Every structure is written in structure tokens, then in C-alpha cells.
Amino acid sequence: MAGVLFDGLHHGLGQVLDLRMSQHTLTAANIANADTPGFKAKFLPFDEVLGAAVNRGRNLSLRATHERHNAGLNGSTQAPLVEEIEAAPWVADGNSVDAEREAVRLKENATMYGGVSRGLGKRLAMLKFAASNGER
């Protein structure tokens with residue numbers, strides 16, 4: 001019964017929220033370490049990780065012409081790939097955190113999280129409406 005009520009889209013939206021929360025945590029850590037010498041800013045390549053999670057188990061494959069093509073398919077959102085940003089060569093302390101970039105990433109992530117959260121809330125409201133025979 002849960003498979004009917006909570007379909008793949010519901011599960012997928014939950015995974016998106018998990019990934020957005022992971023990105024928020026990474027961005028907050030980047031901002032907190034803005035003055036730490038040698039610290040490398042980290043981020044999730046969100047589109048790649050989500051695409052891999054959505055396509056998992058579907059045997060979707062493209063013709064690969066190089067052994068590193070299509071890396072990450074059949075992945076999971078539980079331990080997503082985290083990428084580091086290298087510091088510019090002229091930065092003396094080796095810190096790669098850019099406050100403006102992190103502020104934009106934080107705002108974008110919060111906006112996306114809110115949108116998915118509202119969408120999930122609407123889906124649950126429709127289930128509640130159906131379960132109550134259309135009564136509010």
C-alpha cells in the first residue's frame with residue numbers, strides 16, 4: 001500500500017531534500033572556514049548526483065568512448081560525490097573560499113529546498129484530502 005501512496009516521485013523528492021541539506025551543510029562549513037589557511041571549498045555537483053540517483057537501477061546507458069565517461073551512474077544520494085575547488089594561484093594562504101560565491105550558493109540552495117519542500121507538502125495535502133473523502 002505504501003508503494004501506491006508514496007511512489008517514486010515522493011521518494012525522489014525526499015532524495016532531493018537530502019541532497020539540498022548536504023549542500024547546505026557543505027556551504028556553511030565553507031563559510032565558517034573562510035579564514036582557514038589551506039581550506040578547500042567543497043560543493044556537490046547536484047545535477048550529476050541527482051541524475052545518477054534518478055537513473056539508478058534502470059539500466060540506462062550511453063555508448064562510452066572513454067573509460068571515465070558516465071561515471072557515477074547507479075549511484076546513491078547517501079554518500080554523494082563532493083568536489084573541492086582549488087585556490088587561485090595568487091591566493092597566498094591557499095584558501096579557496098569565495099564569500100560571494102558561497103552566499104549565492106546558499107541562497108540558491110535555500111530557494112530550491114523551499115520549492116521542493118512546498119511541492120512535497122502539496123502532494124501530502126492531496127493525499128490527506130483524498131483520505132478524508134474530500135472533506136476539509
Where labels lie 7 Å past Cα in the beta-carbon direction, separation of ALA28 and LEU124 in nm: 2.0 nm
Modelled FRET efficiency - R0 25 Å, ASN133 with HIS11, Cβ distances, 0.05 increments: 0.40
Difference of contour (0.36 nm per residue) and Cα-Cα distance, ALA103 to LYS40: 21.1 nm
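Laboratory data are not the source of any read-out in this text; all were calculated from the coordinates shown. Everything quoted here is computed from the prediction, not taken from an experiment. All Cβ positions, even for glycine, are placed from backbone atoms using ideal geometry, and neighbour counts span all protein chains on display.
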